[in-house]
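Taking it in order: structure first as structure tokens, then the write-up.
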Amino acid sequence: MKVLVAVKRVVDYNVKVRPKADGSGVDLANVKMSINPFCEIAVEEAVRLKEKGVATEIVAVTVGAQQSQEQLRTALALGADRAILVSTDETLEPLSIAKCLKAICDAESPDIILMGKQAIDGDNNQTGQMLAALMGIGQATFASELVIDGANASVTREVDGGLQTLTLSLPLIVTADLRLNEPRYASLPNIMKAKKKPLDNTTPADLGVDVTPRVTQLSVELPAERQAGIKVDDVAQLVDKLKNEAKVIS
Amino acid sequence: MSILIVAEHDNSTLNVATLNSVTAAGVIGGDVHILVAGHGCSAVADQAAQVMGVAKVLLADSAAYAHALAENVALLVANLGAGYSHILATSTSNAKNIMPRAAALLDVQAISDISAVVDADTFKRPIYAGNVIATVKSSDAIKVIVVRGTAFDACPAEGGAAAIEAVTGEHDAGKSSFVSEAVAKSDRPELTAAEVVISGGRGMGNGENFALLDGIADKLGAAIGASRAAVDAGFVPNDMQVGQTGKIVAPDLYVAVGISGAIQHLAGMKDSKVIVAINKDEDAPIFSVADYGLVADLFDALPEFEAAL
């Protein structure tokens with residue numbers, strides 16, 4: 001059984017980004033980049049499927065700039081067998097990324113496609129759902145548990161009120177939520193081995209995908225700053241302020 | 001222009017989150033229709049018909065839509081939505097699941113989590129955990145939009161008298177089926193709809209200590225939330241998570257207890273009207289957004305707070 005796992009290079013989750021002075025975009029100069037945390041969970045899940053003997057091959061894919069090879073190498077170090085970079089200098093929107101991934105999936109025919117539920121840069125939460133639509137297959141988004149049983153998958157999903165369990169036929173797309181697993185750290189020997197694993201390059205044009213954006217970002221700005229308030233001395237003063245100043249409790 | 005809103009409901013009650021999208025639709029302008037897709041959900045359609053400002057309710061009642069499976073509902077939304085200029089839904093887990101799929105079926109780039117309408121094709125939305133607000137303009141003929149509920153007030157649930165029209169034909173993709181649901185039953189208000197939210201963080205120490213929040217929540221009629229750190233540590237389930245990757249809340253009063261204030265938590269609550277922080281670390285970032293900060297050990301402060309209410 002073949003597993004395809006899509007990853008994204010994003011600003012590290014510890015970095016607090018700011019708009020550029022002219023508001024034309026986010027200032028990403030000299031900012032630490034990492035694999036998107038939810039993608040890391042997706043890679044871990046793929047590796048666990050292989051360790052359980054469910055998966056036989058893991059292909060890691062990303063769509064992005066040449067530097068995204070670093071994140072593919074991370075995926076290879078964690079246990080992916082080979083990688084594909086769909087190289088582009090443009091910032092692609094989820095629909096274009098989904099179209100590129102569809103072209104890869106058409107060629108690779110994976111049984112299970114894993115990816116993060118959302119990237120922490122654009123916060124779109126769309127690519128998995130869109131890829132599932134384009135491929136006409138089932139989607140199990142926000143997954144917290146994945147069990148493969150023959151030609152079917154049983155997936156537990158994080159929904160607003162709690163948890164929902166679905167069964168879906170393979171092939172399917174699973175997008176990882178926080179609690180699906182806890183990703184391992186790559187060991188040094190595995191990082192060294194990853195450098196020798198195959199990494200193919202292609203482009204959206206090679207895949208025949210039109211990536212013309214539909215949504216343009218006109219400007220970015222800082223959100224309205226919230227002013228820090230006051231420190232109260234004790235609980236009695238806090239309750240008094242809430243009752244008589246803020247008037248939010250009675 | 002005409003706008004289709006995909007209703008959030010449980011087959012018996014219209015979820016008030018839907019009302020936020022009706023308000024957003026009012027800002028965009030045009031005829032507003034609500035789609036109620038479910039099974040045995042005519043009561044929901046009746047409620048939707050009374051919502052102020054709604055011109056028509058489309059009722060798609062079929063077993064295929066009973067559990068809002070994305071594969072089926074997205075086909076319906078894409079099919080019906082082709083005749084509209086905008087398709088909206090409020091940012092619930094169902095909407096996040098269904099709307100991008102419907103958008104891809106229509107070959108449209110969806111716009112997630114809008115916090116403001118600039119004009120009919122230009123919107124503001126938070127990116128990077130809300131550290132930056134982007135203004136984006138869509139060139140698609142149909143705009144598929146997920147609305148951040150906390151950014152738009154709920155419109156009046158009554159006062160309207162829309163006609164209800166049954167939608168015929170069902171879309172069953174046959175790709176997925178519902179097995180079970182484990183929804184936490186609680187007498188407390190829903191996190192995203194509560195007027196008061198009290199949340200615990202890693203400082204709570206363990207899951208049992210969250211009981212310290214119960215009495216206060218009872219007295220304030222509050223929902224109980226948690227930071228991602230508390231969820232990661234296994235103290236409480238993920239559906240309690242407030243933050244960038246959890247629920248976005250904006251109550252009248254938000255009380256953060258033992259929460260340091262990581263960027264990703266602030267992204268989920270900093271639009272609350274009044275924020276209270278209780279933390280023993282006086283340098284905790286949460287104090288920079290709090291209207292009232294109390295530097296104290298929560299194990300002393302919480303019982304005292306409960307007694308004082």
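Rule-based calculations on the coordinates, nothing more; no lab input. Here the structure is a predicted model, which means the values were calculated and not measured. Here Cβ is always computed from backbone atoms with ideal geometry, including for glycine, and neighbour counts include all displayed protein chains.
Here are the numbers:
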| quantity | calculated |
| --- | --- |
| Phi to ³J(HN,Hα) by Karplus 6.51 cos²θ - 1.76 cosθ + 1.60 over region A:132-139, Hz, x for Gly, Pro | 4, 5, 5, 8, x, 10, x, 10 |
| DSSP bridge orientation in chain A - percent antiparallel, rounded to nearest 5 | 40 |
| B:Gly225 long-range amide H proximity, modeled H, under 5 Å | B:Ile198, B:Ser199, B:Gly200 |
| Residue with peak Gaussian network fluctuation, chain A [Cα springs, cutoff 10 Å], from A:Asp106, A:Asp22, A:Asp177 | A:Asp22 |
| Sum of -39500 (n - 2.57) over DSSP H runs of 4+, divided by residues of chain B (222 nm, nearest 500) | -7500 deg cm²/dmol |
| Environment charge at B:Ser62 (Cβ cut-off 11 Å; Lys +1, Arg +1, Asp -1, Glu -1) | -3 |
| Sparsely packed GluC sites (Glu not before Pro) within region A:156-248, loop by DSSP, other Cβ within 10 Å at most 16 | A:Glu225, A:Glu245 |
| Check: region B:209-309 dipole with +1 on Lys, Arg Cβ and -1 on Asp, Glu Cβ, in debye | 340 |
| Dipole in debye (nearest 20) - chain A, about Cα centre, beta carbon charges: Lys, Arg +1; Asp, Glu -1 | 420 |
| Given charges at beta-carbon only (K, R positive; D, E negative), |dipole| of the protein assembly as shown in Debye | 1320 |
| Range of Cα positions in region B:1-139 per principal axis (Å), largest first | 42, 30, 28 |
| Cα Rg, Dmax (largest Cα-Cα span) when computed across chain B, Å | 20.4, 61 |
| Label-to-label distance, nm, for residues given as A:Ala236 and B:Asp281 (7 Å Cα→Cβ offset) | 3.0 |
| Proximal charge balance of B:Ala78 [Cβ under 11 Å; K/R count +1, D/E count -1] | 0 |
| Rg/Rg_ref, the protein assembly as shown, where Rg_ref = 2.2 N^0.38 Å and atoms are Cα | 0.95 |
| Rounded to whole Hz, the Karplus (6.51, -1.76, 1.60) HN-Hα couplings of region A:224-238, x for glycine and proline | 4, 5, 9, 6, 5, x, 10, 9, 9, 7, 7, 4, 4, 5, 4 |
| Reciprocal of mean inverse Cα separation for region A:92-243 (Kirkwood radius, Å) | 19.4 |
| Shape of region A:59-107, Cα gyration tensor, a/c cut at 1.5 | oblate |
| HN-Hα J in Hz across region A:157-169 - Karplus 6.51, -1.76, 1.60, θ = phi - 60°, x for Gly and Pro | 10, 7, 10, 3, x, x, 10, 10, 10, 10, 10, 9, 8 |
| Loop sites in region A:68-134: GluC sites (Glu not before Pro), DSSP, at most 16 other Cβ within 10 Å | A:Glu90 |
| GNM top mover of A:Val235, A:Val61, A:Val147 - chain A, alpha-carbon springs below 10 Å | A:Val235 |
| With at most 14 neighbouring Cβ atoms within 10 Å, loop GluC sites (Glu not before Pro) (DSSP) excluded, longest segment of chain B | B:1-157 |
| A:Val61 long-range amide H proximity, modeled H, under 5 Å | A:Val5, A:Ala6, A:Val7, A:Ile84 |
| Scaled radius of gyration (Cα, divided by 2.2 N^0.38 Å) that region B:204-289 gives | 0.99 |
| Dipole of region B:81-179 [Lys/Arg +1, Asp/Glu -1 at C-beta], most positive-end residue of B:Ala157, B:Ser112, B:Val167 | B:Ser112 |
| Exposed trypsin sites (Lys or Arg not before Pro) absent - longest run of chain A, DSSP non-H/G/I/E/B, at most 16 other C-beta within 10 Å | A:53-183 |
| Shielding by partners, peptide B:290-303 (average Cβ within 10 angstrom, other chains) | 4 |
| Taking all pairs of distinct alpha-carbon atoms in region B:104-260, Kirkwood radius in angstrom | 18.8 |
| Net charge of Cβ neighbours under 15 Å - reference A:Gln69; Lys, Arg +1; Asp, Glu -1 | +4 |
| Fraction of antiparallel bridges per DSSP, the protein assembly as shown only, in percent to nearest 5 | 35 |
| Whole-angstrom gap from region A:181-250 to region B:100-152, using each part's C-alpha centre | 17 |
| Most positive-pole-ward Cα, B:Ser62, B:Ala250, B:Val147, against dipole of chain B from beta carbon charges | B:Val147 |
| Cα lying deepest toward the dipole's positive end in region A:18-122, options A:Ala77, A:Gly64, A:Thr91, charges on Cβ | A:Ala77 |
| Loop trypsin sites (Lys or Arg not before Pro), region B:211-250, which have at most 14 other Cβ atoms in a 10 Å radius of their Cβ (DSSP) | none |
| Given A:Lys52/A:Lys117; A:Lys32/A:Lys117; A:Lys32/B:Lys273, the pairs whose alpha carbons are separated by over 26 Å | A:Lys32/B:Lys273 |
| Least to most buried among B:Tyr254, B:Tyr292 (fewest other Cβ within 10 Å first) | B:Tyr292, B:Tyr254 |
